[in-house]
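Scroll down for the structure; my scribbles are underneath it.
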Amino acid sequence: MTDHPMSIRTASPTDCPTVADIYAHYVTTSVATFDTEARSADGWRSKLEAVRSAGRPFLVAVDHDDRVLGFSYLSPFRDRAAYAHTCEHTVYVAPGLERRGVGSALVSAMLAAARDTDVREILALIALPGEGSLTLHRRHGFVEAGVLRRVGFKFDKWIDVAILQYSLVR
């Protein structure tokens with residue numbers, strides 16, 4: 001668990017500078033994202049608006065002082081009409097807060113929020129080995145749907161991606 005009380009709420013534009021900082025860490029230090037350049041706070045404001053416009057949740061975990069500890073959102077899986085009810089799940093936690101319950105709280109809240117939408121299937125695409133992300137998603141009921149081999153190239157190496165799937169239709 002975190003050292004302080006934590007809550008989950010809908011993200012606001014004022015959260016975007018911290019969201020940008022959290023994401024920039026992963027852009028520059030890991031293969032958790034295949035982005036190679038960090039997105040600005042304004043870029044995150046645009047992303048937040050796009051997610052909201054699509055009727056999808058964008059959530060943040062915050063501490064008792066309303067500081068952002070992590071974020072999660074659903075985005076379209078593909079830009080084709082037949083995929084309209086399938087989304088990709090994204091979750092990132094502030095550096096140093098891994099394995100303290102922030103990611104788990106965000107995934108739980110995201111799955112609950114997704115039930116209030118027209119989403120049926122949620123996919124998590126996880127760069128391998130990605131043990132922390134795989135464990136987090138499996139704990140919440142995501143199941144492995146396949147592996148894409150050597151589809152990403154970052155830090156001078158080819159990267160495989162696992163696809164995990166969660167069905168809201170039970």
Hey, among Val107, Val27, which residue is assigned to a helix (DSSP H, G or I), free of Cβ contacts under 8 Å to residues at least 24 places away in the same chain, open to solvent by less than 50 Å² (accessible area, probe 1.4 Å) and within 22 Å of Ile163 (Cβ to Cβ)?
Val27
Checking Ala162 against (1) free of Cβ contacts under 8 Å to residues at least 40 places away in the same chain; (2) open to solvent by 30 Å² or more (accessible area, probe 1.4 Å); (3) not β-branched (Val, Ile, Thr): exactly one of these is not met. Which one?
(2)
Picking from Arg45, Arg52, which residue would you name as being basic (Lys, Arg), open to solvent by 60 Å² or more (accessible area, probe 1.4 Å) and in contact (Cβ under 8 Å) with a residue 12 or more places away in the chain?
Arg45
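For segment 143-158, does any single residue satisfy the condition of being surrounded by 15 or more Cβ atoms within 10 Å (Cβ to Cβ), touching a residue at least 12 places away in the same chain (Cβ under 8 Å) and hydrophobic (A, V, I, L, M, F, W, C)? Give the steps one after another, and end with the answer.
Going through segment 143-158, the residues surrounded by 15 or more Cβ atoms within 10 Å (Cβ to Cβ) turn out to be 152, 154.
Checking which are touching a residue at least 12 places away in the same chain (Cβ under 8 Å) leaves us with 152, 154.
Now drop any that are not hydrophobic (A, V, I, L, M, F, W, C), which leaves none.
No, segment 143-158 contains no residue that is surrounded by 15 or more Cβ atoms within 10 Å (Cβ to Cβ), touching a residue at least 12 places away in the same chain (Cβ under 8 Å) and hydrophobic (A, V, I, L, M, F, W, C).
Just give me the residues in segment 117-135 being open to solvent by 30 Å² or more (accessible area, probe 1.4 Å), outside any loop (DSSP other than H, G, I, E, B) and free of Cβ contacts under 8 Å to residues at least 60 places away in the same chain, in sequence order. Even if it seems obvious, please write down each step before you answer.
Taking segment 117-135 as the starting set, the residues that turn out to be open to solvent by 30 Å² or more (accessible area, probe 1.4 Å) are 117-118, 120-121, 125, 128-129, 131-133, 135.
Okay, now just the ones that are also outside any loop (DSSP other than H, G, I, E, B), so 121, 125, 131-133, 135.
Listed by number, the residues that qualify are Glu121, Leu125, Glu131, Gly132, Thr135.
Are any residues in segment 70-96 part of a strand (DSSP E or B), free of Cβ contacts under 8 Å to residues at least 40 places away in the same chain and either under 11 Å from Leu59 (Cα atoms) or open to solvent by 80 Å² or more (accessible area, probe 1.4 Å) (or both), and if so, which ones? Step through it out loud before you land on a result.
Narrowing segment 70-96 to residues part of a strand (DSSP E or B): 70-76, 86-93.
Now restrict to residues that are free of Cβ contacts under 8 Å to residues at least 40 places away in the same chain: 72, 75-76, 86-88, 90.
Those that are part of a strand (DSSP E or B), free of Cβ contacts under 8 Å to residues at least 40 places away in the same chain and either under 11 Å from Leu59 (Cα atoms) or open to solvent by 80 Å² or more (accessible area, probe 1.4 Å) (or both): Ser72, Pro76, Thr90.
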Which pairs turn up if I take residues in segment 5-21 that are open to solvent by less than 60 Å² (accessible area, probe 1.4 Å) and look for partners that are of a type outside the set (A, V, I, L, M) and assigned to a helix (DSSP H, G or I) with beta carbon separation below 6 Å, at least 6 apart in sequence or on another chain?
Cys16/Trp44; Cys16/Arg45; Val19/Trp44; Ala20/Trp44
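The values are calculated or read from the model by the stated rules, or taken from the named source; none is laboratory data. The structure displayed is predicted, hence computed values, not measured ones. Cβ atoms come from the backbone with ideal geometry, glycine included; neighbour counts cover every protein chain shown. The accessibility values were calculated without ligands, DNA or RNA, using every heavy atom of the protein model including side chains. Shrake-Rupley method; radii C 1.70, N 1.55, O 1.52, S 1.80 Å.
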